[in-house]
Every structure is written in C-alpha cells, then in structure tokens.
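Peer 1: Starting off with a structure, shown below.
Read the figures in this text as sums done on the coordinates, not as results from a lab. What you are looking at is a predicted structure, and each value in this text was computed from that prediction instead of being measured. Positions of Cβ are backbone-derived with ideal geometry, glycine not excepted, and every protein chain shown enters the neighbour counts.
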Amino acid sequence: MHWLDWIVIALYFFCIGWVAWWYGRHQKDSIDYFLAGRNAGWFVIGASIFTSNIGSEHIVGLAGQGASTGLAMAHWELHAWCLIVLAGLFVPFYYKSAVQTIPEFLEKRFSASARLVLSCVSLVAYVFTKVSVTVYAGAIVFRALLPETFGSPENAFWVGAFSTVIITGIYTVFGGMRAIMNTAAPQAVIILFGSFVITAIGLSKLGGWSELVRLISENPDIKAQFALWRPLSDPTFPWLGVLIASPIIGLWYWCTDQYIVQRTLSAKDLPTARRGALFGGLLKVWPVLIFLVPGMIGWALHQQGIIQLPLKIGPDGLATTTIDGDQVFPTLVKLLLPAGIRGLIVACLLAALMSSLASLFNSSASLFTVDIYEKFRPGQSEAHLLMVGRIATASVVGLGIVWIPVMAKISGGGLYQYLQNVQGYLGPSITAVFFLGLFWARMNAAGATWGLAGGFVLGMLKLTFQTFFGKEKIADPALFAWIGDFNPYYATGLLFAASAVIMVVVSLMTAPPPPEKIKGLTYGSIHKEAGQEIRQSWDWGNKLMAAAILVIVLGLYLYFSFWLG
C-alpha cells in the first residue's frame, strides 16, 4: 500500500464519520432512526437497496466464484427481476399497512406469534449469513493487501475484521437509517466505478474480451466448468436445482427480508417507494459483469502467467493446484492497480463492507426493538425506543465480532456458495408464508406459525447434517451422511414444498381467519379498497424501468447461455 492509497482511504473514513455525526444529531424518534423519517426519495432508496445487497462478500466471493466455477452463480446475480415483484406486488401491501418492519406486517395478516417467529428466524439468518460472510470477506482483503503491516497476515486478518465491524457499528449506532441512506448514493458510485476500473485494467492486461472467450472455449473441461447452465449430472450446480432454488431465495431476499424492504418503507409516498425498488433493480443488473467477470479475468491472467493467484492449502499443509477463489479479487487489486487507484478500490471494498453491515445492524436493531422489545414493554417513549435501538445495534455488533472465529472455520468452500446454501435453508418457509398469505385468503395464523417454525427447524437440521456428515466428514450413520451430501439446491425446493404443505394442512384443519383480519392484506381485498391508487402509482416511469430491467436480464441470459458457442 502506497502513502497515496492511505490518503484516499482516510478521506473516505472522514466523510463517512462526518455524515454519521451530522445525521446522528437529528435523530428525534424511532421512525427517524429506523425509517429515515419516511421522507426518502427514489434515487436514494434504489442506491441504498443496491449498496445494502452488495457487500464485500459479493466483491470478494463472486470474483472467487468467477475464477473457480465461472458463471454458475450468475443465476443468483440476475435477480433484478425480483425487484419488479417487490415494486409491483409487495410494496403496496407494506406501504398501505404503514408498518415499520416486515414481521409487523405478518402480525397484521396472521398473529403476534407469526411475527415473533419471523423476527427470530430473520435475526438468526443475519448472524449465519450477512454478519459472518461480510466481515470474513473484509478481513480477507486486509490479509491480502496488508500482510506484514500488523506483524503477520493472520494479525492483519483480525485487525481488519474487528476494525471494520467496530467502525461500522459506531456510525450505524449514531447515524441510524438517515446516515445509511445518505451515504448510499456515493457508496454505490464508488462500488460501480471501482469494479469497472479493475475489469477494464484486467481485460487490457489480458488482451481484450475475445481473448477471455478464446481461453475458455479452447479447453472443453474449462468450458463445461465455466458454463451458465450445467447438466443434471453436475453434482454441485444441476440446472434443475438452480432453477428451483434461485427464485425461492431471490423472492425471499428481495421481497420479504427486512434487510432490503426496509428501504422502501422509508419512502415519502407509494409511487416513490415503487420507483426506488425498480431503480435498485436497474443497479442490480451489473454484478455479473463487474464482480463475476473479473474473477474469470483473474483466472485467465493466471493461466497466461501474467499474474500468480494464491492456491489452496491441502490437509498436509502443502499448496494444491486449485486456485483459492476468495483471494482472487484482493490479489487483482494488489498486483494490477497503480497507487491511488489501489486505495480507491480498497475504499470501494470498505464502502461495500460498511454499507452492507450498516444496513444489517440497523435492520437487526429495528427487528429487535419494534417486533420483540415493544411487544414485551409496550407504551415506552420514543426517546426510550431510540436508546433501545442503539443498544440493540451495539449488541449485534458484538455478536458479529463473536461469530468471526466460527466463520473462519466453516467458510472454506467459498464465501458466496456458502451464503447461498445457508439462505436456501432459511428462506423457503418465509417465501411460502408470504405468497400463500397474499394470494390465499383461507390461510390462517396457525398455518403461518406452524409452517414458519417447521420450515426453520427442517432447514437447521439440513444445515447441521451438511456441516458434520457426508462422504468426506462423518459417514456413519449412512442416512445422516446422505442428507448431508444431498444437493443443497434441491433441498431448498423440498423445504419450500414442505413448508407450504404444513401451512395448507394446518390452515384447513383449523378455523378460517375472520374477514376483518384479511381486509386490505390479501391481493383481492387490497385492490378492492385501494385499486385506483395502486394503479396510479404504477406510472409510465415505473413501467419503463420495469421493462428495461426485463430486457437487460433477458439479454444477459441469452448472451451468456451461448457466448462460448
């Protein structure tokens, strides 16, 4: 790292600190802290959705997947269409019901028990996924770029992990959602610009896009390994499993997760909320090109001998012939970029890490404060709830730090693949409860609660078996090993089906919900009550943005399905 790099990074931290201080002075109540006073514009909402999604695990993890599995994970990064579903279907329900959190919406539709279950499942999901993976990815960058600055690469890893969590926690605790929303736009610019720069420089070193296509096409094994669609015989990414799991995870994450949807709840009106979600979708079309492709470029540069990528270490302590995917992006930054630009890219990574963690901390605090604390301690003042929200945020920061050593032990299979596997075990029951709840008026509170809880337990069992049992782990008993090795993407589909069956059966075995319980909370009833307002909020601007998203996503699918001939 050159002194110029440190100046760029220091300027970034100074700006973030100033924003947190400025907006932290104006926090008046819980609506301010959690929803930025419900006065955000569509540009800020869309940028915040994008930066919340694009954490360091995307930049580091997707580049690693690009180098090791090519376009296999692209299906999860072409989820911009899910934001059309969010804007077109879900936002009117959330906005018209005036909720602060997504579990609060479930209480209105079903019951307090359904709300509590979803809040607890969401908090567990954040610890298993966003906290662990995001922090670990940021620490990997420190270890790669500053290996001797703190005495050893291992020290650099832990310094990076602790410092980023603590600094992000401080600015989230004091700045709240206003700070997160108002830093989103510049962070989005930095992330996009930084990734475009490293992609352009990498292609320049390689000899252009055609050279990348040639290197992959001329080797049949690599061509099959890097393909977007894999045969059913593929043990990791069979095309049918991907088609089943990817939409289930995408619809859960983009349409029903507090972490993302909270941004649309901060909009000043319904048209703005819908347009903000769609603008987030327009930004979401880029990750395949600016995060996955650089990983493939890194692989090609390694094959050509232009750079040397780190290799995985085997059980015997010796280097294998397999590229360590999670080290690809930091290595590209380290070896390809000049001073100053390198600092900008590190600031890009820090921007991704901090914006993603900040959104996570704030969403976790809102879930705890609004959905759990207020239920047990009703009638508290706004000042008291604001204090509880800040304490809850600080607590999540602490849990993030505690989880770091655990994550370091279990993320060896690739950060992004681990992330999607775990989300595939936590998300199916939530996706099922929302879609059935909106479209099936007969579904009741008992069905929702039992389905959510049952799906969560089954998902945790699969995760436990996968962690400890399998051919290369504990092979006895054979049933446990088979469950552990069962393809996670097929498992996602089975968990979704099991959750839906539980919800339908329990609902039919118990009394239907009273009419007043579903008024304005199912698809048919809300369009009877506010159909004209909802139609008017889907204006021509929103329709054009939705059309643009569909055209771009379809274009990327068509191109990368046939790009290697």
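Peer 1: Per residue Cα convex hull volume for the range 200-285, in cubic angstrom?
Peer 2: On the way: hull volume 12.7 nm³, N = 86.
Cα-based convex hull of the range 200-285, divided per residue, equals 148 Å³.
Peer 1: Would you mind classifying the range 439-565 by shape? Square roots of the alpha carbon gyration tensor eigenvalues, ordered a ≥ b ≥ c; an a/c under 1.5 is rounded, otherwise it is prolate if a/b is larger than b/c and oblate if not. Don't jump to the answer; show the numbers that get you there.
Peer 2: On the way: a/c = 4.18, a/b = 1.24, b/c = 3.37.
Cα axes put the range 439-565 in the oblate bin.
Peer 1: Please list log₁₀ I(q)/I(0) at q = 0.07, 0.10, 0.11, 0.12 Å⁻¹ for the chain, using the Debye equation with identical point scatterers on the alpha-carbon positions.
Peer 2: Each listed q corresponds, in turn, to -0.39, -0.82, -1.00, -1.21.
Peer 1: A further question follows. Loop only by DSSP, 16 or fewer other Cβ within 10 Å of the Cβ. Give me the GluC sites (Glu not before Pro) in the range 458-564 that pass, ordered by residue number.
Peer 2: Values: sites: GLU472, GLU516, GLU529, GLU533; in loops: GLU472.
Hits after loop and neighbour filter: GLU472.
Peer 1: Excluding same-chain residues fewer than 8 positions from LYS517, which aspartates and glutamates have a Cα within less than 17 Å of its Cα?
Peer 2: Hits, sequence-local ones excluded: GLU104, GLU107, GLU529.
Peer 1: Which whole-Hz ³J(HN,Hα) couplings does the range 492-498 yield from phi under the Karplus relation 6.51 cos²θ - 1.76 cosθ + 1.60, θ = phi - 60°, glycine and proline marked x?
Peer 2: For the range 492-498, the Karplus curve yields 4, x, 5, 5, 4, 5, 5 Hz.
Peer 1: Restricting to Cα pairs below 8 Å that are 6+ residues apart, what does the relative contact order work out to for the chain? Please round to a whole percent.
Peer 2: Values: 935 pairs, mean separation 162.5, N = 565.
Computed over the chain, the figure is 29 percent.
Peer 1: Any of LYS334/LYS462; LYS334/LYS473; LYS334/LYS471; LYS312/LYS334; LYS284/LYS519 with alpha carbons more than 30 Å apart? Name them for me. Please list the in-between numbers first.
Peer 2: On the way: LYS334/LYS462 38 Å; LYS334/LYS473 35 Å; LYS334/LYS471 37 Å; LYS312/LYS334 18 Å; LYS284/LYS519 34 Å.
From the list (LYS334/LYS462; LYS334/LYS473; LYS334/LYS471; LYS312/LYS334; LYS284/LYS519), the Cα-Cα distance tops 30 Å for LYS334/LYS462; LYS334/LYS473; LYS334/LYS471; LYS284/LYS519.
Peer 1: In what sequence do LYS312, LYS462, LYS543, LYS284 fall when counting other Cβ within 10 Å, fewest first?
Peer 2: Numbers: LYS312 15, LYS462 21, LYS543 12, LYS284 25.
Lowest count first: LYS543, LYS312, LYS462, LYS284.
Peer 1: So what J values fall out for the range 328-343 if you push phi through Karplus, 6.51 cos²θ - 1.76 cosθ + 1.60 with θ = phi - 60°, rounded to Hz, Gly and Pro as x?
Peer 2: 5, 5, x, 5, 4, 4, 5, 9, 9, 9, x, 4, x, 5, 4, x
Peer 1: If I model the range 285-404 as equal point scatterers sitting on the Cα atoms and use the Debye formula, what is log10 I(q)/I(0) at q = 0.14, 0.15, 0.20, 0.22 Å⁻¹?
Peer 2: Log10 of I(q)/I(0), two decimals: -0.80, -0.85, -1.10, -1.20.
Peer 1: Check ALA267: other-chain or 5+ apart residues with amide H under 5 Å from its amide H, H built from backbone geometry?
Peer 2: Those qualifying (amide H under 5 Å, at least 5 residues apart or on another chain) are ALA40.
Peer 1: Let me ask something additional. Can you return the lysines within cross-link range of LYS268? Criterion is Cα-Cα under 16 Å, with same-chain partners fewer than 8 residues away left out.
Peer 2: The qualifying lysines are LYS96.
Peer 1: At what distance in angstrom do the alpha carbon centres of the range 375-399 and the range 447-492 lie from each other?
Peer 2: Here the two parts' Cα centres lie 34 Å apart.
Peer 1: Hey, got a sec? Which GluC sites (Glu not before Pro) in the range 77-160 land in a DSSP loop and have at most 13 other Cβ atoms within 10 Å?
Peer 2: Values: sites: GLU77, GLU104, GLU107, GLU148, GLU154; in loops: GLU148.
Here the sparse-neighbourhood loop sites are GLU148.
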